[in-house]
Amino acid sequence: SQQGEEDPQALSIQEGENATMNCSYKTSINNLQWYRQNSGRGLVHLILIRSNEREKHSGRLRVTLDTSKKSSSLLITASRAADTASYFCATGSGGSNYKLTFGKGTLLTVNP
Amino acid sequence: DTEVTQTPKHLVMGMTNKKSLKCEQHMGHRAMYWYKQKAKKPPELMFVYSYEKLSINESVPSRFSPECPNSSLLNLHLHALQPEDSALYLCASRSATYEQYFGPGTRLTVT
């Protein structure tokens, strides 16, 4: 069963604007990850945040995690047309049987 | 080398055929994954191999048979598939810090 639920399902913005995507999940996690997928291709890892972390930055990306609310957000600042893609959050759990469970994803369109 | 390769890129097969998908990584990762992804849906986990042993099978039908010949290779053997099995099949390997590296996928069409 799917763990994460992204919000919104689709987001359309202009180049230069910021994009915020949210993810909620239901059970306890070891970490939460965000991935990007361009149409019909493999997923690219963006950022991982551990369950004991609250915020993490990587370039134009900022991720927050609120374990009390079981939610995370991904902020992309100063968006570019090349950021157009689907973005998935994925919750990681399990020790030796570690696995990711992906949310439904947000389709981001950045208009030039 | 942070690349995961998958072959073939595209595969069309009939319901009576037997085919195999291949995945390779040379990052020294000891966990590898098969996912199935339908259009406009998230990836769904099928199998996990850890240290060349099958550690997770997400109740996948037996017409899908995974194999891990060594720490760099992962195969998915296909037999007697159904049209609803048409999808993008993604392979991934997992680093020691839990990031997953995905291959470009095999687009499978079952006719």
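Note on the stretch A:81-103: residues that are within 14 Å of chain B (Cβ to nearest Cβ), open to solvent by less than 20 Å² (accessible area, probe 1.4 Å) and either out of contact with any Pro (no Cβ under 7 Å at 6 or more places or on another chain) or of a type in the set (Asp, Glu) (or both) amount to 8. At least 3 residues being of a type in the set (Asp, Glu) and either within 26 Å of B:Leu88 (Cβ to Cβ) or within 14 Å of chain B (Cβ to nearest Cβ) (or both) is the threshold, and among the strands (runs of 3 or more DSSP E) wholly inside the stretch A:5-80 those reaching it are A:5-7.
In the stretch B:49-64, the residue that is nearest to B:Thr16 (Cα to Cα) out of those that are in a loop (DSSP other than H, G, I, E, B) and open to solvent by 60 Å² or more (accessible area, probe 1.4 Å) is B:Arg63.
Here is a yes/no grid of residues against (1) surrounded by 14 or more Cβ atoms within 10 Å (Cβ to Cβ); (2) within 11 Å of chain A (Cβ to nearest Cβ); (3) part of a loop (DSSP other than H, G, I, E, B):
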position: B:Lys40; (1), (2), (3): no, yes, yes
position: B:Pro66; (1), (2), (3): yes, no, no
position: B:Leu81; (1), (2), (3): yes, no, yes
position: B:Tyr98; (1), (2), (3): yes, yes, yes
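Take the stretch B:52-71 and flag every residue that is on the phi > 0 side of the Ramachandran plot and in contact (Cβ under 8 Å) with a residue 12 or more places away in the chain. Result: B:Glu52, single match. When B:Tyr51 is tested against (1) aromatic (Phe, Trp, Tyr); (2) within 11 Å of another protein chain (Cβ to nearest Cβ); (3) under 30 Å from A:Gln9 (Cβ atoms), only condition (3) is not met. Against the condition within 17 Å of A:Phe88 (Cβ to Cβ) and free of Cβ contacts under 8 Å to residues at least 60 places away in the same chain, how does B:Leu74 come out, does it pass? So B:Leu74 does not fit the description; no.
The values are calculated or read from the model by the stated rules, or taken from the named source; none is laboratory data. Quick caveat, the model's predicted, so the values are computed rather than measured. So basically every Cβ, Gly included, is an ideal-geometry build from the backbone, and we count neighbours across all protein chains shown. When the accessible area is computed, the model is the full protein with side chains, heavy atoms only, and any ligands, DNA or RNA have been set aside. Shrake-Rupley method; radii C 1.70, N 1.55, O 1.52, S 1.80 Å.
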